Amino acid sequence: MTQYRFITPNRRGKWYPSLGDAQARANAIGAGYLDASGNFVAYRGTVLEFREKAPT
């Protein structure tokens, strides 16, 4: 299972089970936002990190 989070130069987000969840919550750490049409816009310096988590 792939997990996603955004990292800014000053903060790290939580791990989320879907990219959509991570994008929807990115504004809380200052990583980006969803525009009026639902597209994700990342701020400069934002990095998307992902990892594979073994199924339990």
**Message:** Quick one: 3J(HN,Hα) in Hz for segment 10-15, Karplus 6.51/-1.76/1.60 with θ = phi - 60°, rounded, Gly and Pro as x.
**Reply:** 10, 9, 10, x, 6, 7
**Prompt:** Pick the calculated log10 I(q)/I(0) by the Debye sum over Cα atoms at q = 0.13, 0.14 Å⁻¹ for this structure from (1) -0.25, -0.29; (2) -0.37, -0.42; (3) -0.30, -0.34?
**Reply:** (3)
**Prompt:** Per residue, what accessible area does segment 4-48 have, given a 1.4 Å probe and all protein chains present, in Å²?
**Reply:** 66 Å²
**Asked** Which percent of the accessible heavy-atom area of the chain goes to carbon and sulfur, probe 1.4 angstrom?
**Response** 51 percent
**Prompt:** Under a 1.4 angstrom probe, counting protein chains only, how are F50, F6, F40 ranked by accessible area, largest first?
**Reply:** F50, F40, F6
**Prompt:** What is the distance in Å between the Cα centres of segment 25-56 and segment 1-15?
**Reply:** 7 Å
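Ranked by accessible surface with a 1.4 Å probe, highest first, in what order do T2, T56 come?
If we order T2, T56 from most to least accessible, we get T56, T2.
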**Request:** Can you tell me the dipole magnitude for the chain around its Cα centre, using point charges on the Cβ only (Lys, Arg +1; Asp, Glu -1), in Debye to the nearest 20?
**Result:** 240 debye
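The values are calculated or read from the model by the stated rules, or taken from the named source; none is laboratory data. This structure is a prediction, so every number in the text was calculated from the model and none was measured. All Cβ positions, even for glycine, are placed from backbone atoms using ideal geometry, and neighbour counts span all protein chains on display. To get the accessible areas, we keep the full protein, side chains included, count just its heavy atoms, and leave off ligands, DNA and RNA. Shrake-Rupley method; radii C 1.70, N 1.55, O 1.52, S 1.80 Å.
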